[in-house]
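What follows is a single structure, written as C-alpha cells, with notes after it.
No value in this document is a laboratory result; all are computed from the given coordinates. What you see is a predicted model; the values in this text were computed from it and never measured. Cβ atoms come from the backbone with ideal geometry, glycine included; neighbour counts cover every protein chain shown.
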Amino acid sequence: GVFSSAGARMATKDIINHYAALEIEDENADETAIKKAYRKLVLKWHPDKHPEGRSEAEEKIRLINAAYEVLSNPTKRATYDQQKRAVKRRNQGFGPPPAGGAPRMRIPKEFMMMPLGFPDKFVRYQGMRLAVHSRADASEVEFQAFFEDTKWSLWWLPEVNNMCRVRALGSKARGEKMGAAAGLCGGLNLSFYIDPLNPTDSEVGLEDARKGEKVDKVNFIAVTSPAYEGAFRFEAAYRKGFYLVFLPPNHLRVAPFGENDDARGQAGIADFALVDFGIMFKFIEMEEVLQPAVSSYKGWVALADLRRDPNILLYFSNILQKPVWDNEDFITYFEGHWETWEYNKETASVRLRPPEEKLAQLLNSARDMDGVASVIAGARDELYRLPLAAAAKALVILAQTPPESEPFDVTKAINRIAAQKKILASLATILAASLEKSPNLPLTDLLDVCDLALAVGGPSPAADLAQARQAAQAASAEVIMKQLGVLPYKLNPP
C-alpha cells in the first residue's frame, strides 16, 4: 500500500493543531492574542538561540510559522476551524447535524477539493494526472498557476439522484470549448477503471467523456459525509462501496472504503471539504506577496517603504482584512523566516536572500544525509552558484555511510545517490562561480573541495557514482588550473 492503515486511521481522526503550536488555549483568540503568541515563540525558538538543539528549534519554528500563516488569515482560519470542528465532533462520537438539502443544492458551482484533516492540501491536476498538494508541495509553481489546477465543478446527471461527473475547469484542462464552463457536458472528468473480474483500487486521472460515454469510468454519486460536518464523498456510480480516496501524502485513488473496514490496508480519506473557488485569492500566502514587493526594490528595503507598498497595502486590506503591520510585526516575521530574509536592525531595512544564499541556509540547517539530499533535490540553477563553504559541507555529509543498524530503504537510497550525482555534476560550475566572485580564494580550499568530491558515496561506491566522482574531480581541477593562469574559462552550467 501507499501508506499503512494505521496512518490512514490516524489521518482521518486527527488534524494538525495550529492553536497548540502557538500555545493558544482559547480557540476564539483574537488577532492581538495570536500576534502576541507568535512574537513570543519566534523569540524563544529562533535557532540562533539554540546552537546545541538547532534541529529541534528549526522544527518548532516551522510549525509556529505554519500556524501563524493560517490563523492570521481570516479565510484560511475559517476553513481550518470548520475542519477542526468536524474532526473534533467526530472524535467525540457525534455524527454531523442534519444536512440542509441535497448535495446538489449545497455544493458550490465551482470549488476546490480539500481532504478532511488536511486543511492545507488541494486536489490538483497536472496534465491528465492527479495529485493532492499543499503550496509547499509545489512551491516552484506560482500562486495563480497552482490554483488554476484546483478548480472543479460537477455536471449533474439525470439518471440517479446526485449522480454527477467531477469536471476539471482550469485553463490547462479545458479539453474542448463546450467543456470549458461549469454545468456543461464534455470536457475532462475524473476517471478511473475498476476491473470487474478483479475489483481492486484504481488510479485516478482525467479523461474526455461526452454525454452518455464511459459512464462506468467517470460517473460518481455525490454523498453527504456521514462522518464529518460540511464534507462530501464521491462514490463510484456503478461500483458500490468504492470511493474517491486520498492516500497521504499526495495520492488520489478510487478504492473500497468503509467506516470500519481497512480495505487492503489503504482506507485513506474519503471525506472532502468543497470550498468555493470564488475565494481562491484569499489563500495567497504572505511570502507570495512580500517577495515580489521586496524584489522590485533591488536590494535592501526600508520597512517604512515596505509598509507603504501598494501591493502590500492591498493584501492587508483585501485578504487579511486588517491594517498593515507595524515595524515590530514585520521584524518578527522576518526573524521567523530567517532562511529567506535578512533584517538589518541599524538601518531598519530588509533584503530577500538570493536563491543560492537561501539554499546555503537550508543546507546548513539539514540534519543528516537525507536532509541534504532533499534540499539538493529541490535545487535548481541556484545550485551552480552555491557558496563554496556550503558545497563543502554538503559533500562531507554526502560522503557519510549510513549506519549498519539503519534498515535499508530503497527510496532513501535512490534519493541519496541522485543528490550525490547532482552536486558532483555541478561542482566545477560551483567552483568557477566562486572564483568569479572571489578570485583570490586560497588554493588549499579549492583543492580540499576536489578531495571531498572523491569521498562522496564512501569507500566503495557503485560504478556510476565512482565515475561521477572522477569526472567531478577532473572538471574541478581544470577550473583551478585555469584560475592559476593556464587558460581563461567561462562559466557554463552543465
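For the reader, a short list of remarks on this structure follows.
- Taking the alpha carbon gyration tensor of the chain, multiplying each eigenvalue by 5 and rooting it gives semi-axes of 44, 30, 22 Å, largest first.
- D_trans [Stokes-Einstein, Kirkwood Rh over alpha-carbon pairs] for the stretch 14-64, 20 °C, 1.002 mPa s, µm² s⁻¹: 185 µm²/s
- Over the chain, dividing the summed -39,500 (n - 2.57) contributions of all DSSP H runs of at least 4 residues by the number of residues returns a 222 nm mean residue ellipticity of -12500 deg cm²/dmol.
- Of the two radii for the stretch 196-333, the radius of gyration is 1.20 times the Kirkwood radius, both from the alpha carbons; that is the Rg over Rh value.
- Tail weight of P(r) past 21 Å, computed on alpha-carbon pairs of the stretch 371-438, percent: 26 percent
- Gained length - residue 30 relative to residue 353, 0.36 nm times residue gap less alpha-carbon distance: 113.0 nm
- Span-like helix ranges in the chain, DSSP H, alpha carbon extent 18 angstrom or more, Kyte mean at least 0.0: 410-437, 443-455
- Projecting the Cα atoms of 463, 294, 442 onto the dipole axis of the chain, where Lys and Arg carry +1 and Asp and Glu carry -1 at the beta carbon, places 294 farthest toward the positive end.
- Long-range tail of P(r) for the stretch 26-155 (Cα pairs > 17 Å, %): 71 percent
- Annotation: amide H of residue 399 within the under-5 Å range of 457, sequence separation 5 or more or interchain, hydrogens built in the peptide plane.
- Expressed in units of 2.2 N^0.38 Å, where N is the residue count, the Cα radius of gyration of the stretch 60-119 is 1.37.
- What you get for the stretch 1-155, charging only the Cβ of Lys and Arg (+1) and of Asp and Glu (-1), is a dipole of about 580 debye around the Cα centre.
- Scaled against 2.2 N^0.38 Å for its residue count N, the alpha carbon radius of gyration of the stretch 91-154 is 1.37.
- Neighbour net charge for residue 392 - beta-carbon separation under 13 angstrom, K R +1, D E -1: -2
- Computed from phi, the 3J(HN,Hα) profile of the stretch 226-234 under the Karplus parametrisation 6.51, -1.76, 1.60 (θ = phi - 60°) reads x, 10, 10, 4, x, 9, 9, 10, 10 Hz, with x in place of Gly and Pro.
- Dipole of the chain computed with +1 at Lys/Arg Cβ and -1 at Asp/Glu Cβ about the Cα centre; of 366, 397, 250, farthest Cα towards the positive end is 250.
- Under 14 Å, Cβ to Cβ, from residue 426 - net charge with Lys/Arg +1 and Asp/Glu -1: +2
- For the chain, the residue among 190, 119, 72 whose Cα projects farthest onto the positive side of the dipole built from Cβ charges is 190.
- Descending by average beta-carbon neighbour count within 10 Å, the peptides 207-214, 386-393 line up as 386-393, 207-214, the highest first.
- Computed from the C-beta positions of residue 128 and residue 321 and an R0 of 51 Å, the FRET efficiency is 0.85 to the nearest 0.05.
- Using 0.36 nm per residue and subtracting the Cα-Cα separation, the extra length available between residue 85 and residue 56 on full extension is 7.5 nm.
- Our analysis of the stretch 264-351 gives Rg over Rh at 1.16, with the two radii drawn from alpha carbon positions and Rh computed by the Kirkwood formula.
- The chain, relative contact order in percent, only Cα pairs under 8 angstrom and at least six apart counted: 12 percent
- Pairs of alpha carbons in the stretch 287-437 separated by more than 24 Å make up 47% of all such pairs.
- Computed about its Cα centre, the charge dipole of the chain is approximately 1180 debye, with only Lys, Arg, Asp and Glu carrying charge at their Cβ.
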